Each structure stands twice: as C-alpha cells, then as structure tokens.
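Report on the structure given below.
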Amino acid sequence: MHITYVVHVEDKPGVLNRVSSLVRRRGYNISSLTVGHTDTPGVSCITIVVEADPSAAARIEANLYKLVHVVRVENVTALPTVYRFLALIKVSASVETRTQIMQIVDVFRARVVDVATDSLMVEVTGTDEKIDGLLDILRPFGLLEVARTGQLAMTRGNAARGAAAKAAAADDAVDSAVVSFSV
Amino acid sequence: MERLTGAEILWDCLVREGVTDVFGYPGGAILPAYDAMLKYPIRHVLVRHEQGATHMADGYARASGKVGVAVATSGPGATNMVTGIATAMMDSVPIVCITGQVGSKLIGSDAFQECDITGITLPVTKHNYLVTRADEVAATVREAFLVAKSGRPGPVLIDITKDAQQSSCLYDWDAAAPSDDVVRRVSAPTDASLREALALLGQAKRPLVLAGHGIILGEATAEFRRFVDTTGIPVAVTLLGIGCLPASHPSNLGMMGMHGEAWVNTAIQEADLLIALGMRFDDRVTGNLKTYALNAKKIHVDIDPAEIGKNVPTDVGIVADLGDVLRAWQPSLTRLDIADWRTRVDTLRGDAAVRDIKNMPDDGHLYAAHVIHDIWRATNGQAVVVTDVGQHQMWEAQYYHHEQPRTLITSGGLGTMGFALPAAIGAKKACPDAEVWVVVGDGGFQMTMCELATIAQENLKINIAIINNGYLGMVRQWQEFFYERRYAATPLLSPDFVKLAEAFGIQAHRIERRQDVVPAVDAARQHHGAVLFDFRVEQEDSVFPMVPAGADLHKMIRRPSPLAETGADR
C-alpha cells in the first residue's frame, strides 16, 4: 500500500539524499516525493509516499527518526488529510478550440496561466484523480507538455500535532512504537 | 578564546573528548592535521592500510567502551575505510573516522585524490559531516562524538577539507557544545509496558532470555546478572552477547543460532516466553522465521525502536535503555517457579554435553577445537580474544569460555574477514595490560597481514593463532554440505607464516601435533614480544551443529564423528 509521511527536516546539504537513501536501502520504493520550505526558518518539509507493507510503516518512521537531521515525522496515511498535486499542462489551442478548452478548465477550477497563438498553459491543483481527469479531457486537443509535482499532504484541523518540539516528537514516536507493537 | 587553525581545533577537541590514541595513515589532504598533531598529547599508530585503522578503532572501542578514532587522507585513504566503517555500523560500535578532503574550492572538480566520501559512507555511518570551514570544526567534532556514543552507538565520519584545516578562527570549546536536539533520547520505559512484560514473565512456564550485544554496549551487565540471579531464568547468548554473563554461570546455556549449541536452539523452539534483551533477531540466530519459536510470546527490549518487530512479531516491545528496564524490573522480581523447565533444559544439554573435548582422542590429528580449548585452558579463560570470520570464529565461540564482557571481539553483523589482526591492535592499545590473542584463519589473516608491521613497530605483545586448514574453511564447509564437495576457489596456498612473521621480527612457530600446543602456548605467554602460531589443523573439519541458512532452527546438521560438538567439559 501507499504510506504517506510528512517529514520535517533541518535544511542541511544532503538531507534529501539521506532521507531517500534510507528508504531505498531498506528496500522500499518511493512513489512520490515533494520538498519545500516551511514557515520555520531552517526547516524543510518532505512529503514522501512509500510503497510498503502496513507492518513496515512504524519501522520506516522509526528509521527516519534515526537520521540526525530529521525533526519530526508524521505518518498521515490513516489521518484525515488533504492531499494535493499541481500540474502545468500545455495544450494545443487554435482560435476555434480556445474557448472550448477554457470552459473545460473552468469546470475543473483550473486556471489558464499563459496564452500563445497556438497553445494554452493550464495550471491545475487537486488530487491525482482530478488531474488525470483533466488530462483525459484535454488529450484530444493535443497535449504538448505536462509537468506534475509529487504529492503534498497536510492533516485536517487538529488531527496532528502542531509544531511540537523535537524532543516531544521523539518521545511520542517511542511511545507509539511501544503501543503499536504491543498486541 | 584563542585563534587556532582548524587542524589545531580538531586535535584540541579530540583531546578534550578523552582521546589518547588514534589509528591512521597520513596523506596530502590530511597533512595539516598531521602536522598539528605533534603539538597535542595524542599517541598515533601508523597503520599499513586504512581498513586496518578503522578495525583498530573498532577493536579499541569494543575492548574499552570508549570511542575509537581513525584518521585517513582523502580519496583512496577514505575509500579504504569503508569496510571498517560498515563493520562498526553493523555491530553498533562507536568510532569516529576523520578524513582529509581536497580544498573546498576544488570539491566537485575531480581533483587529485578527491572522492565523495560522505556520499559513499552515507548508508554505513550513523551520521557523517563535510566540514569546509575552520569555524565548523569544533561543533562538528563535539556533535560527532555525541552521535557516535549515544543511543544505539555507531560510526561517524568527519570529512574536513584541507583549507578548513589550514585556515584559522577564534576557538571556543564551550560555545561549540552540541545542541540537545542532536540526540533523540529515549524516554524512560513506560510503566504499562514494564508491567505487561513482568506479567508475561510471571505466567511463563518455559521462559528463556536471549541476551545480545546491547547488554554490553549499554553497560548493563551487572543489572543483567542480578536479573538472572534473582529469577533463575536460563539464558542463551548471541555471538556478540558472549561475555554479558560468565560462561561458567549456571544459567548461561551458551550461544544460539546457526552454529549455536544444539540444546540452546532446541530450548528456543520449546520456550513459551522469549525475553530478547539488546539483540536483533538476525537471520543467523533465527533460521526460518516462519517456524521460529512458535510456542513463545516475545518481549523485546532494545534502545533502537526500528528493531522492535523488524524480524519477529513482538508481544511486548520496550524501547528504552536496557539498564533502566532491568533496574525498574528488579524490585518486582522473584525466583521463577520453573524447575521442570530447568530439568528439561539440563536434559537437552546433558545429551550433548557428555563428551569431553579435552580427553577426546585426536588420532595424531590436530583439531581446531583442541587448539582453542587448549588456549582457553592455558589462559584461564581470561584473555581478550579477537577473532576473524569463518570456522575458527565459530569454534572460538564454542570452545573458548568467556567470563567477562568485552573479552570476545569479533565481526558479527558484517562478517568482515581481515578484522581480527587490526582489531587486536586496537584492543591491545585500549587495554595494554590485557592478554590479547588473535584467533584467525589462514584466509582472513592474509587479508590484513600487513598489520604485522604495525605490531612490530608498536612493539605490541599480541599472540596470534592462525588456524591453518589450507582452505577458506567455512566456504569449503558450505561447498561440502550444499554443493556436493565442488571446492570452487576454496583451496588456499599460503606463504610460510613462520618465515613471514620472522621477516617482521616476530617470533613464530608451526604446530602440527596436539601435544605441542600447550607447551607452545605457555611459552608464548611468557615471551615478551608478539608470537605467531601456524596451527596446521585438520583440513576438512566442519563446524557443528549447523542450521543451514533459512532452515528451521531445530533442524541442525549434527557432527557425524565421535568428536565432541561442544566444549562442555567444565
């Protein structure tokens, strides 16, 4: 199954390599990876989706916590979470088809961000399925170029901890490890 | 605050971290550090290969409990360290490796002796650092030592560019203290999990402790001894757990696993409760996981949360310092009512233990078991024995009965041939008063035998027993059992080890008969310098019992001949 972790890391050189290398060498496949800054200076957020057995989830989390530069790990898979992808789509558009495409884009609550004489660039955010759906509709017009991001994830409301201190987060991880392994 | 070069800061920090001995090999990119070293109270051992430096730091750390330090230059110096670093990683040994790196302006340009050693060692270090400025040295070194020692220990590498060593900055040791965030301290064990574990222990009819390296690494041998003495619970040990409880202790059943004692493996399969303390259910101790200890509930205590439930499903997992857990349990412990189980274990043991190695007929042959047994007797079981990897390693574990922690030093997880000779140098440096023996095969010895020169140069009293059977013995054994005796690339032509040692100025003897072993060992113990023995042992001898890789733990290949399987003649 796909397991989604939101991993807050210190923004140090090589930190992405450490995280991805850890997942790789433990034998799991990364199906999506997104990295960006957070509100906290010096802390980046990696949203990483891993194909793994559910029983491996806690172990991957524990291994991530062993990396010195990892501040906090959240397994959001089972939590109420908003998932978003972003895609930029360049589609062929003649004078005749342009309006039609723009109507479709509107239905998908996407935006046209660039207009050229023979093409349009569309920006769309949403779930993977929504973006796939838009691409299916636009394909007959002629897709010229598609760029998609990996998945971003954020838990809804107070489902997850706020910006907890690292020590507290680590304690939680330890406790949850105990709990989740106690049958 | 004073103004020092990065190189001076490096050594000052090492000295303040308590480092007295380092093992290394100089070269261009680390030259500024070597130049500055002369001003500091550091003893440097010049190795003959950087792999040796890491194994020496490793042996030093295992023998003493302190952090071992190895130093090398950039490029090939650094890459030569990788095997030793991986060895320390697998066995959770705290070492700090310091490598020179080309100047920071040259990084990425494929400069002479440039190599991305932080990239290469990323999966085999607990953490690593690339330092490009002098003012980063102090904080990095302090953090590196903390990371190496804390929690589950492990190797840390610091790669320092040449310009970071050469340039200077204001140095303030106190201001460079590592942040508390660096180390994820485990919380105290929760009362609930501790109580749950004790409840299982109270209900158990056939409990067994699986004791691992963590007891020694966590300095919890005294607490463990008290736990065992109070409860009377039988104990099986892993290879790296040997020494956590004296071999002569009545509750110590001996080693488990692929070449463990038959009665231990049988007891594991019959147990109704396994209490795993600081061990990680490696495939070499479990055999087939699908049939492993199916009758037993499992309590697993480890400081590393990633180990709980990794290989074996756990009923109670406790992530905590082992000493804390044992101390927390102690007031609630009582003597377990397990007389029937003890009788059963004694019966299992008795079946295999009636044979006596000491008086076993040798028919004019020299058996490795005899050699190791005789060394054990001659040294009263008090030596620090450093073993390599292979048949001799298993025989040592079976026939040398260790009474103290940190007296068996061996590469368990990675199984690194060539480990023993350099690791013994590290152990001797850490414990100059200890009697240090190397037990090594003719194959592994030749991987790092250049370090004989280091022994000679450092004038170290180390006794070296080469168990020479003319084969890569363990591989040959697998070929005999599983590949119909097709001995592909295992017969081994060796140099004349006696002449070789003499070329280094080291006394050496070839021993071919049983009756010559004890007098030779006694004489070597009296000799002031290093002594090397070429023990010409039975060529096609095998280690028994043996659980074939992936087989059920209780389905062992037993020794067909009348020669004893175990050294249970104490």
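Sorting B:279-287, B:388-396 by average packing, meaning the other beta carbons within 10 Å per residue, from highest down gives B:388-396, B:279-287.
The aspartates and glutamates whose alpha-carbon is closer than 17 Å to the alpha-carbon of B:K162, local same-chain residues fewer than 8 away aside, are B:E8, B:D35, B:D110, B:E114, B:D116, B:D135, B:E136. A simple charge model with +1 on the Cβ of Lys and Arg, -1 on the Cβ of Asp and Glu and nothing else charged puts the dipole of the stretch B:191-351 at about 280 debye relative to its Cα centre. Please work out whether chain B counts as rounded, prolate or oblate from its C-alpha gyration tensor, where a ≥ b ≥ c are the square roots of the eigenvalues and a/c under 1.5 means rounded, while otherwise a/b larger than b/c means prolate and anything else oblate? Oblate shape, in that a/c is at least 1.5 and b/c is the bigger or equal ratio. Each part reduced to its alpha carbon centroid, the stretch A:82-149 and the stretch B:123-178 end up 50 Å apart. The Cα atoms of the stretch B:356-536 give a gyration tensor whose axes a ≥ b ≥ c have a/c under 1.5, which makes the shape rounded.
If you fit an axis through the alpha-carbon atoms of helix B:339-353 and take the longest principal axis of the Cα set of chain B, what angle between them do you get, 0 to 90°, nearest 10? The angle comes out at about 80 degrees.
If both residues of a DSSP beta bridge must be in the protein assembly as shown, then about 45% of such bridges are antiparallel.
Put the Cα centre of the stretch B:377-455 next to the Cα centre of the stretch B:290-323 and the gap is 30 Å. Which percent, to the nearest 5, of DSSP beta bridges fully inside the stretch B:356-536 are antiparallel? Percentage antiparallel, nearest 5: 5. Around the amide H of B:I511, modelled in the peptide plane, lie the amide H atoms of B:D534, B:F535, B:R536, all under 5 Å away and 5 or more residues distant in sequence or on another chain.
How high is the relative contact order of chain B? Use alpha-carbon pairs under 8 Å, at least six apart in sequence, and give a whole percent.
Once normalised by length, the contact order is 14 percent.
Using Cα pairs under 8 angstrom and six or more residues apart, how large is the relative contact order of chain A, in percent?
After rounding, I find 25 percent.
Summing Cβ point charges (Lys, Arg +1; Asp, Glu -1) relative to the Cα centre of chain A gives a dipole of roughly 400 debye.
Magnitude of the charge dipole for the protein assembly as shown, about its Cα centre and with charges confined to Cβ atoms of Lys, Arg (+1) and Asp, Glu (-1), is about 680 debye. When peptides B:319-329, A:14-24, B:367-377 are ranked by their average number of other Cβ atoms within 10 Å per residue, the highest-first order is B:367-377, B:319-329, A:14-24.
The amide H of B:I98, built 1.01 Å from its N in the peptide plane, has B:A70, B:V71, B:A72, B:I158 as neighbours under 5 Å, considering only residues 5 or more places off or on other chains.
The angle separating the long axis of helix B:420-430 from the principal Cα axis of greatest extent in chain B is about 70 degrees.
For B:H402, the amide hydrogen comes within under 5 Å of the amide hydrogens of B:A247, counting only partners 5 or more places away or on other chains and with H modelled in the peptide plane.
Shielding of peptide A:14-25 by partners, expressed as the average count of other chain Cβ atoms within 10 Å per residue Cβ, is 2.
Just to confirm the number: angle between the C-alpha axis of helix B:514-526 and the first principal axis of chain B, 0 to 90 degrees, nearest 10? Between helix and principal axis, roughly 40 degrees. Shape class of the stretch A:2-83 from the alpha-carbon gyration tensor: oblate, with a/c at 1.5 or above and b/c at least as large as a/b.
Since every read-out is calculated from the coordinates, none of them should be taken as a lab result. Given the structure is predicted, the values throughout are model-derived calculations rather than measurements. Glycine gets a Cβ as well: all are built from the backbone with ideal geometry, and neighbour counts include every protein chain shown.
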